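Have a look at the structure below before the remarks.
Laboratory data are not the source of any read-out in this text; all were calculated from the coordinates shown. In this text the structure is predicted, and so the values were computed from the model without any measurement. Glycine gets a Cβ as well: all are built from the backbone with ideal geometry, and neighbour counts include every protein chain shown.
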Amino acid sequence: MQRRTFFSGAAMAAATAATVSRSALAGLPEIQSAGSAATGAPLAPPDGRGYTPVVTLNGWTLPPRINAGVKEFHLVAEPVLREMAPGFVVNMWGYNGQSPGPTIEVVEGDRVRLFVTNRLPEHTTVHWHGQRLPNGMDGVGGLTQPQIPVGKTFVYEFTARRPGTFMYHPHADEMVQMAMGMMGMWVTHPRARHPAIASVERDFCFLLNAYDVEPGSRTPRVATMLDHNIWSWNSRVFPGIDSLNVRLGDRVRIRVGNLTMTSHPIHLHGHEFTVTGTDGGPVPPSARWPEVTTDVAVGQMRQIEFVADEEGDWALHCHKSHHTMGAMGHGLPTMIGVDQQDLVERFQKLVPGYMAMGERGMADMGAMQMPLPENTQPMMAGNGPHGPLEMGGMFSTLKVRRGQKAGDYSDPGWYRQPPGTQAREWTGTLAEPVRPVAASAPADAPAAASVRKPAGHAHH
Ligand SMILES: [Cu+2]
């Protein structure tokens with residue numbers, strides 16, 4: 001088998017269209033592997049059927065081999081190195097060179113054959129989350145099939161019966177294999193115009209995933225149940241997550257799947273959206289309502305849509321604020337208002353370069369060049385056009401530009417706001433605050449408001 005490095009969607013599409021001999025079709029489809037965490041170009045429909053292909057953030061779409069009308073894919077489960085952000089590389093398990101694995105993109109009614117080769121050090125399976133399929137193709141090790149042993153290849157085959165957004169992941173030693181990054185997305189486009197599925201100009205997808213990577217280490221801790229410290233989209237953390245670049249007026253769809261162990265309220269600035277689809281399929285238009293945040297629970301998928309009709313750089317992020325942070329010590333105390341100067345001087349005698357954290361909040365940490373253990377993503381990172389962004393984890397931007405060309409997904413750079421449209425300092429004199437006069441207060445009223453707190457938690 002030949003191994004090839006993935007370069008671009010266009011190159012892949014060309015490779016797919018190349019003539020393949022009949023004897024070659026009897027063998028396994030060649031292994032296609034991604035060498036980097038760059039966002040791959042959308043893969044033009046390989047059989048000429050019209051749909052807007054998806055763009056997988058910091059991921060790519062696996063080109064099929066078409067064999068007598070069947071779309072064939074070859075997934076290789078294997079250890080990979082994933083660069084989660086520039087300079088932060090983690091040992092993971094994934095598919096075809098990356099975690100997550102490549103996106104599988106087909107059309108409703110397509111016959112699909114998936115070869116899965118196991119190059120992990122233990123057995124695995126692939127479960128096709130959300131799909132209608134014969135029971136024996138559901139990929140639950142022990143229940144619907146024997147596990148795929150180390151070194152072996154299994155074949156899954158079924159018809160993509162309903163359009164929608166799906167995920168794939170192992171149903172074998174799941175806690176370990178998903179904690180190590182084994183997952184991917186699957187998009188099935190409708191075969192014809194569908195009353196509940198709009199055609200869009202931009203279609204993005206990504207998975208929410210989470211890891212527990214101890215600062216200074218390179219391998220996720222697989223026994224962590226809830227207390228993960230790296231919150232990622234497609235195994236990338238801000239500022240390593242690419243922006244979603246669209247043209248002003250585009251109808252945009254974003255498909256978000258959650259394979260972490262907690263829910264993520266995904267929030268978009270500057271626009272309202274509707275949830276147009278879930279794992280169960282398209283939401284009937286009469287059942288939709290506007291939102292600016294949608295919670296994506298564990299094991300769920302949410303598909304949101306909106307018209308990008310406001311120019312600018314709009315934040316798109318999880319609204320749990322610790323999910324937009326990088327790794328931090330779990331025991332970090334709140335130090336706001338605590339004068340640490342005396343302590344700092346004493347510590348600096350013992351630990352040269354010691355810095356106090358958080359006396360005025362934690363914003364200083366975004367600008368500080370704190371010495372960090374090797375291979376550790378800072379808690380807050382990234383610089384914008386107006387200073388440090390003080391973000392990490394599940395954060396990116398929707399960049400809406402008048403001048404973005406149709407089909408151009410490249411980053412247009414930072415938005416230049418028209419003069420007079422940005423928040424600015426007010427330089428007048430500050431008046432004394434006006435306080436109400438308590439002239440008619442009863443004589444026995446307390447002089448100042450007081451709050452009595454319960455002495456313990458026993459009374460709650
Ligand atoms: Cu979150």
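Under 5 Å between amide hydrogens, built in the peptide plane, is the criterion, and for residue 390 it picks out 381 among residues at least 5 positions away or on other chains.
Annotation: the antiparallel percentage among DSSP beta bridges lying fully within the stretch 3-195 is about 60.
Full extension of the chain segment joining residue 402 with residue 434 gains 6.9 nm, where the gain is 0.36 nm per residue of separation less the Cα-Cα distance. Zone of residue 28 (label point 7 Å along Cα→Cβ, backbone N under 18 Å): which residues in the stretch 104-131? In the stretch 104-131, the label zone of residue 28 (backbone N under 18 Å from the point 7 Å along Cα→Cβ) covers 113-127.
The Cα center of the stretch 224-257 and the Cα center of the stretch 52-85 differ in position by 18 Å. Local charge for residue 260 was computed over the other residues whose Cβ lies under 15 Å away, with Lys and Arg +1 and Asp and Glu -1, and equals 0.
Want the number for residue 417 to residue 152: 0.36 nm per residue separation, take away the alpha-carbon distance, what's left? Residue separation times 0.36 nm, minus the Cα-Cα distance, leaves 89.8 nm.
Between residue 111 and residue 278, the distance separating the two model label sites (each 7 Å from Cα on the Cα→Cβ line) works out to 3.4 nm. Out of all DSSP beta bridges with both ends in the stretch 54-121, state the antiparallel percent to the nearest 5. Looking only at bridges with both residues in the stretch 54-121, the antiparallel portion is about 60 percent.
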